Amino acid sequence: MNRVAVNPELLRWARERSGRSAERLAGKFPKLEAWERGEAQPTLKQLEQFAKATFTPVGYLFLQQPPDERVPIPDFRTIASTPAGRPSPDLLDTIYLCQQRQEWYRDFARTMGEAPLGLVGSARVTDDVVTAAAAMRGVLGFNLDERRRLPTWTEALRRFIDQADGLSILVMVSGVVGSNNRRRLDAEEFRGFALADPLAPLVFVNGADTKAAQMFTLAHELAHVWLGETAVSNAQASDAPQHDVERWCNQVAAELLVPLASLRETYDRNAALDAEVDRLARRFKVSTLVILRRIHDAGGLSRQQFWDAYEAELERLRAVPRGSGGDFYLTLGARAGKTFARALVISTLEGRTSFTEAFRLLGFKKMATFRELGQSLGVGF
């Protein structure tokens, strides 16, 4: 049986890159530790299986040394004010898939004669935050009174996505890589990204995060689209990023969701802080962390009071088990985005796109699934 001479360092790199331990992979690859020590070599079939198990392009394992993988778009992620480390294959594969979807939709939009979206790149980081947020709110049709009447955060998020989708912004929400439920995304690694484009602006929101947190992520990434700036981020309401673009997007997202003037009108300074934060979070359909930040911005909490309350609330939220996200987040329409999915189904049924290409971009292989997706989007056959 032919063996493949592979650099042991590459095998260790691929395993560590995937976040999987040698013990976890030992069941499928009992000689893995010997491979990594250079005492044994895998067969070609074993190497291909190892590449699949570690989400590594098999060609990488034939290199002389591990490649220097970097996020293919501007990376504004930080951990404790320092740049984030090596990206996971889950993040990289999610960006690559969204880039492929964007490229397909861009070609589709050109074929259909769609005009560039004027909103992309219409803002500047020097623009006044309140004015910019108000302008975005007007274009989106983002009505605060309407949101207050919605019963749940899920309904509010669905409405927010539909508003962006109605502007031909490709909004994709998923907690897994493609349609692979075994590859769950990590909200601590990234919360979302924006791929700015005049014809096919795309926003991805990490569905592994809480619904309330996804609301802020969507607002933040939409601000990137208005700036015409592509980037991946792990934006949080508490952050005051050093980068001008991230700082502006955070400020606009907070003002879009919770206008300071509206907060000042409704904030009861005499109420117990915990109860008041919960009440305002339900009213504005955002996270309690966003509300704490806005109370601080309004002068209701000193910086030290804000950080003490924020850390305490963060600890409480970490102890709350997260649900699956509900059926809405498990549908292909949400994962691929309604605008993109509808266009792809129509193009495929009209013969302009092959079923093979459609299945690849959507992440499944069954015609029955494709039919169900089309029917859910109002494109039956």
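The values are calculated or read from the model by the stated rules, or taken from the named source; none is laboratory data. Please read all numbers here as calculations on a predicted model, not as lab measurements. For neighbour counting, all protein chains shown are included, and Cβ atoms are generated from backbone atoms with ideal geometry for every residue, glycine included.
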Condition met for LEU61 (closer than 30 Å to GLN242 by Cβ and part of a helix (DSSP H, G or I)) = no
inquiry  = I need the full set of residues from segment 104-126 which are without any contact (Cβ under 8 Å) to a residue 60 or more places away in the chain and under 19 Å from HIS224 (Cβ atoms), in order please.
reply    = GLY118, THR126
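Inspect all residues belonging to segment 37-44 and state whether any of them is polar (S, T, N, Q) and either part of a helix (DSSP H, G or I) or closer than 24 Å to THR230 by Cβ (or both). Let's see the steps before the verdict.
Let us first name the residues in segment 37-44 that are polar (S, T, N, Q), namely 41, 43.
Then keep just the ones that are either part of a helix (DSSP H, G or I) or closer than 24 Å to THR230 by Cβ (or both); that gives none.
No, every residue in segment 37-44 fails to be polar (S, T, N, Q) and either part of a helix (DSSP H, G or I) or closer than 24 Å to THR230 by Cβ (or both).
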request  = Please specify each residue of segment 265-314 satisfying the condition of being free of Cβ contacts under 8 Å to residues at least 40 places away in the same chain, charged (D, E, K, R) and closer than 19 Å to ASN143 by Cβ.
outcome  = GLU265, ARG282
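Given the criteria of a type in the set (Lys, Arg), outside the structural domain of ASN181 (by TED's automatic domain parsing) and either surrounded by fewer than 17 Cβ atoms within 10 Å (Cβ to Cβ) or not in a helix (DSSP H, G or I) (or both), does ARG15 qualify? Step through it out loud before you land on a result.
On the way: of a type in the set (Lys, Arg): yes; outside the structural domain of ASN181 (by TED's automatic domain parsing): yes; either surrounded by fewer than 17 Cβ atoms within 10 Å (Cβ to Cβ) or not in a helix (DSSP H, G or I) (or both): no.
Criteria not met by ARG15.
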inquiry  = Name the residue that is nearest to GLY19 (Cα to Cα), counting only residues in segment 44-65 that are buried (at least 16 other Cβ atoms within 10 Å of the Cβ) and small (Gly, Ala, Ser).
reply    = ALA53
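With small (Gly, Ala, Ser), surrounded by 13 or more Cβ atoms within 10 Å (Cβ to Cβ) and free of Cβ contacts under 8 Å to residues at least 24 places away in the same chain as the only criterion, which of ALA22, ALA26 stands out?
Of ALA22, ALA26, the one residue that is small (Gly, Ala, Ser), surrounded by 13 or more Cβ atoms within 10 Å (Cβ to Cβ) and free of Cβ contacts under 8 Å to residues at least 24 places away in the same chain is ALA22.
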Boolean, LEU117 is over 28 Å from ALA187 (Cα atoms) and out of contact with any strand residue (DSSP E or B) (no Cβ under 9 Å at 6 or more places or on another chain) = yes
task = Return the residue satisfying two criteria in turn: it lies in segment 195-210 and is touching a residue at least 60 places away in the same chain (Cβ under 8 Å) and outside any loop (DSSP other than H, G, I, E, B), and of such residues it is surrounded by the most Cβ atoms within 10 Å (Cβ to Cβ).
result = PHE204
message = Among (1) charged (D, E, K, R); (2) part of a helix (DSSP H, G or I); (3) in contact (Cβ under 8 Å) with a residue 60 or more places away in the chain, there is one condition GLU189 misses while meeting the rest; what is its number?
response = (2)
Tally of residues being over 18 Å from ASP165 (Cβ atoms) and either among the β-branched types (Val, Ile, Thr) or assigned to a helix (DSSP H, G or I) (or both) across segment 347-380 = 16
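Which of the following residues is more than 32 Å from the chain's Cα centre (by Cα) and not small (Gly, Ala, Ser): ARG70, ARG12, ARG17, ARG3? Lay out the reasoning, then the answer.
Details: ARG70 fails: more than 32 Å from the chain's Cα centre (by Cα); ARG12 fails: more than 32 Å from the chain's Cα centre (by Cα); ARG17 fails: more than 32 Å from the chain's Cα centre (by Cα).
From the options ARG70, ARG12, ARG17, ARG3, the qualifying one is ARG3.
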Count of residues meeting criterion [acidic (Asp, Glu), modelled with pLDDT under 95 and over 20 Å from VAL171 (Cα atoms)] in segment 88-146 = 2
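Going by the structure shown, is PHE76 in contact with a His (Cβ under 9 Å, 6 or more places away or on another chain) and either farther than 23 Å from PHE190 by Cβ or outside the structural domain of GLU188 (by TED's automatic domain parsing) (or both)? Outline the logic, then answer.
Details: in contact with a His (Cβ under 9 Å, 6 or more places away or on another chain): yes; either farther than 23 Å from PHE190 by Cβ or outside the structural domain of GLU188 (by TED's automatic domain parsing) (or both): yes.
Against the criterion (in contact with a His (Cβ under 9 Å, 6 or more places away or on another chain) and either farther than 23 Å from PHE190 by Cβ or outside the structural domain of GLU188 (by TED's automatic domain parsing) (or both)), PHE76 qualifies.
Which of the residues that make up segment 227-278 are in a loop (DSSP other than H, G, I, E, B), of a type in the set (Val, Ile, Thr) and within 12 Å of PHE76 (Cβ to Cβ)? Let's see the steps before the verdict.
If we filter segment 227-278 for residues that are in a loop (DSSP other than H, G, I, E, B), which is where we start, we get 228-230, 234-243, 258-259, 267-272.
Subsequent filtering for residues that are of a type in the set (Val, Ile, Thr) retains 230, 258.
Hit for segment 227-278 is THR230, nothing else.
Looking at this structure, is ALA254 touching a residue at least 40 places away in the same chain (Cβ under 8 Å), in contact with a Cys (Cβ under 9 Å, 6 or more places away or on another chain) and either surrounded by fewer than 23 Cβ atoms within 10 Å (Cβ to Cβ) or not hydroxyl-bearing (Ser, Thr, Tyr) (or both)?
On the way: touching a residue at least 40 places away in the same chain (Cβ under 8 Å): yes; in contact with a Cys (Cβ under 9 Å, 6 or more places away or on another chain): no; either surrounded by fewer than 23 Cβ atoms within 10 Å (Cβ to Cβ) or not hydroxyl-bearing (Ser, Thr, Tyr) (or both): yes.
Spelling it out, it is not the case that ALA254 is touching a residue at least 40 places away in the same chain (Cβ under 8 Å), in contact with a Cys (Cβ under 9 Å, 6 or more places away or on another chain) and either surrounded by fewer than 23 Cβ atoms within 10 Å (Cβ to Cβ) or not hydroxyl-bearing (Ser, Thr, Tyr) (or both).
This table checks each residue for (1) surrounded by fewer than 16 Cβ atoms within 10 Å (Cβ to Cβ); (2) within 22 Å of ALA164 (Cα to Cα); (3) not assigned by TED's automatic domain parsing to the domain that holds VAL130.
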{"residue": "SER233", "(1), (2), (3)": "no, yes, no"}
{"residue": "GLU246", "(1), (2), (3)": "no, yes, no"}
{"residue": "ASN270", "(1), (2), (3)": "yes, no, no"}
{"residue": "VAL277", "(1), (2), (3)": "no, no, no"}
{"residue": "LEU280", "(1), (2), (3)": "no, no, no"}
